[in-house]
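Asker: Sharing a structure, written as structure tokens. Questions coming.
The values are calculated or read from the model by the stated rules, or taken from the named source; none is laboratory data. It should be emphasised that the depicted structure is a prediction, and the values quoted were computed from it without experimental measurement. Reconstructed Cβ throughout: ideal geometry from the backbone, glycine too, with neighbour counts over all protein chains shown.
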Amino acid sequence: MMRFPLPCALVLAVAAALGAGCAEEGPPAASAQVGPQAASPQAGPGAASPQTIRTATGIEMVLVPAGEFVMGDDRGETDERPAHRVRLGAFWMDTREVTQGAYESLMGRNPSKFVAADRPVERVSWPAAVRFCNMRSRQEGLRPCYDPQTLACDFAADGYRLPTEAEWEYACRAGTATAYAFGDDPSGLGRAAWFKENAGKTTHPAGVKGPNAWGLFDMHGNVAEWCHDVYDERAYARHASSDPRGPASGDERVLRGGSWRSGADACRSSARASEAPGFADVCFGYEAYGFRCVRRTDAAGPDGEAPDR
Ligand SMILES: [Ca+2]
């Protein structure tokens, strides 16, 4: 497993000591309800272009088509094996990492270290990310996916949620089987991503580097992205062949894509990382963790294929 170079146990111990003194995600400062609004489909510039929509809360999403891919990499770390074939239904995915502007407009606060409205929000915990998903769903008149108490995900709901690890890797690869969405050579990563060698020890505005073939920006680098799945280094041996959702329980959640502080290897399409879900819920959350959201296709798109769930 590719781990982030941070003394997590020490930080968690300090966090536990601080305990209830740390600020939990508060209620949104502004909660003006927005009525149900259908997303407005916008055809791409050409037939082969990714189909995008701009949702009622102003965030651009792209249709990720249904299909099959080989998840993992037998040449990679132990937890990337075995490479295995996975089939996924179509879904909508945010074209960019959730920005600080989008997060603050819905949640009434901005936890980020590198403050700028157009940069990805960071210092967000897994619970904070799913609370954003629920708030975004409510703002658009959709049924929230997450139980507000247990944070269990209802995949049948039409609201927003975090991508499964399989969905994330499928979208990152965008039809490729190489180490990165642009090929195998890490020397090309600087053109596609903000990572340790070019980021200058900070995040950058979401969507500056070119998108992958499916219209997704910053899947490699900038901020690492929380996924739905509980992390298990042996998860792939037990994956369902269709829409796998990971283990039912465990201590950590998956993070994908590497970040501004990651080396090239940690930014590979199949590289896996993980962290305790509440890690960034403490007062000094980690400034390399962000997220993006997905949503069922039958909730928004006229041409989307309903996922097999
Ligand atoms: Ca990213």
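Asker: Tell me yes or no: at least one residue of the range 251-261 is away from the ligand (no atom under 16 Å from the Cβ) and either crowded, with 18+ Cβ neighbours inside 10 Å or within 17 Å of F291 (Cα to Cα) (or both).
Answerer: Yes, the range 251-261 contains at least one residue that is away from the ligand (no atom under 16 Å from the Cβ) and either crowded, with 18+ Cβ neighbours inside 10 Å or within 17 Å of F291 (Cα to Cα) (or both).
Asker: Which of the residues belonging to the range 157-179 are in contact with a Lys or Arg (Cβ under 6 Å, 6 or more places away or on another chain), outside any loop (DSSP other than H, G, I, E, B) and surrounded by fewer than 24 Cβ atoms within 10 Å (Cβ to Cβ)? Break it down into steps so the answer makes sense when it comes.
Answerer: Initial filter on the range 157-179 (in contact with a Lys or Arg (Cβ under 6 Å, 6 or more places away or on another chain)): 157-160, 164, 168, 179.
With outside any loop (DSSP other than H, G, I, E, B) added as a condition, the list becomes 160, 168.
Within the range 157-179, no residue meets the criteria.
Asker: Further, regarding this structure: Among the residues of the range 212-235, are any aliphatic (A, V, I, L, M), assigned to a loop (DSSP other than H, G, I, E, B) and more than 25 Å from S112 (Cα to Cα)?
Answerer: Within the range 212-235, one or more residues are aliphatic (A, V, I, L, M), assigned to a loop (DSSP other than H, G, I, E, B) and more than 25 Å from S112 (Cα to Cα).
Asker: Taking the criterion of being small (G, A, S) and more than 14 Å from the ligand (Cβ to nearest atom), would at least one residue in the range 217-233 satisfy it?
Answerer: no
Asker: Still on this model: Does L189 qualify as being away from the ligand (no atom under 15 Å from the Cβ) and either part of a loop (DSSP other than H, G, I, E, B) or more than 19 Å from D94 (Cα to Cα) (or both)? Explain how you work it out, then say what you get.
Answerer: Numbers: away from the ligand (no atom under 15 Å from the Cβ): no; either part of a loop (DSSP other than H, G, I, E, B) or more than 19 Å from D94 (Cα to Cα) (or both): yes.
When the stated conditions are applied, L189 does not pass them.
Per-residue answers, yes or no, for (1) in contact with a Ser or Thr (Cβ under 7 Å, 6 or more places away or on another chain); (2) modelled with pLDDT under 90:
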residue	(1), (2)
S262	no, no
A266	no, no
S270	no, no
V282	no, yes
F291	no, no
E305	yes, yes
R309	no, yes
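Asker: P205 is checked against (1) touching a strand residue (DSSP E or B) at 6+ places or on another chain (Cβ under 6 Å); (2) part of a loop (DSSP other than H, G, I, E, B) and fails just one. What number does that condition carry?
Answerer: Unmet for P205, out of (1) touching a strand residue (DSSP E or B) at 6+ places or on another chain (Cβ under 6 Å); (2) part of a loop (DSSP other than H, G, I, E, B): (1).
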